[in-house]
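Structure first, commentary second.
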Amino acid sequence: MEHEAHAHHTHHGHAAHEHHEAAVPADHHAHHHEAAAPTDRQGHHREAAVPTDHQAHHHAPAATWRMAAQATLHCLTGCAIGEVLGMVLGTAFGWGNLPTTVLAIALAFLFGYSLTLRGVLRAGVGFRTAFRVALAADTLSIAVMELIDNGVILVWPSARDAMLGDALFWISLAISLVTAFVVTTPVNKWTIGRGKGHAVVHRYHH
């Protein structure tokens with residue numbers, strides 16, 4: 001009888017054990033496998049290193065209006081020098097409005113790029129790299145500025161025919177440059193916020 005009681009107890013315990021295993025939810029086992037995530041040296045679980053948007057744009061400077069205005073003023077300086085020099089040379093050569101305007105635009109790009117190129121070269125960058133940086137940083141900004149600047153002159157017939165010695169020439173030039181500055185600043189802010197434009201130059205200054 002004692003043997004039968006022992007056998008009955010063993011069988012009952014085995015059945016209870018099987019019942020306990022069957023009662024364990026399947027997701028418990030799945031959770032057990034999920035828990036076997038990578039651990040550090042102290043045995044603590046580590047979460048997967050998923051890059052966030054903030055980390056992805058960590059190197060992009062903040063697109064502030066101040067930075068955009070400084071970038072636009074930088075381009076404006078080069079454009080103003082190039083345009084005035086182009087007008088002076090066109091007048092000296094006795095050229096008409098069209099070739100003088102083309103020369104002025106070409107010199108505006110040249111001086112705009114040159115100012116950026118000089119700053120990047122000071123950071124110890126090679127000329128080829130610095131030149132590519134200048135193209136990436138200033139092309140859109142100078143193009144928009146020249147479009148607005150010359151557009152103002154085109155719709156102002158008397159200003160288009162003004163000579164260097166006329167007050168109207170300098171007044172119209174100032175108005176066109178100010179208009180170009182106002183229009184180009186938001187464009188520069190947008191490009192800087194996307195990590196382009198003068199944001200490229202920013203990386204070499206910091």
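The values are calculated or read from the model by the stated rules, or taken from the named source; none is laboratory data. Source: prediction; values computed, not measured. Every residue, glycine among them, receives a Cβ derived from its backbone with ideal geometry; neighbour counts consider all protein chains shown. Just so you know, the surface numbers come from the protein's heavy atoms only, side chains and all, with ligands and any DNA or RNA stripped out. Shrake-Rupley method; radii C 1.70, N 1.55, O 1.52, S 1.80 Å.
For F127, the accessible area of its heavy atoms, probed at 1.4 Å with every protein chain present, is near 130 square angstrom.
Between R128 and K196, full extension at 0.36 nm per residue minus the direct alpha carbon distance yields a gain of 22.6 nm.
At a probe radius of 1.4 angstrom, the accessible area of segment 60-108 per residue rounds to 50 square angstrom. Net length available on complete extension from S114 to L154 is 11.7 nm, with 0.36 nm assigned per residue and the Cα-Cα distance removed. Net charge in the neighbourhood of C79 (other residues with Cβ under 12 Å of its Cβ; Lys, Arg +1, Asp, Glu -1) is -4.
Here the spin labels are modelled as points 7 Å beyond Cα on the Cα-Cβ line, and at T179 and T139 they lie 2.7 nm apart. Give the calculated FRET efficiency between L73 and F93 to the nearest 0.05, with a Förster radius of 22 Å applied to their Cβ-Cβ distance. Approximately 0.15, to the nearest 0.05. Computed packing ranks the peptides 89-97, 74-82, 130-138 as 74-82, 130-138, 89-97, most packed first, by mean other Cβ atoms within 10 Å.
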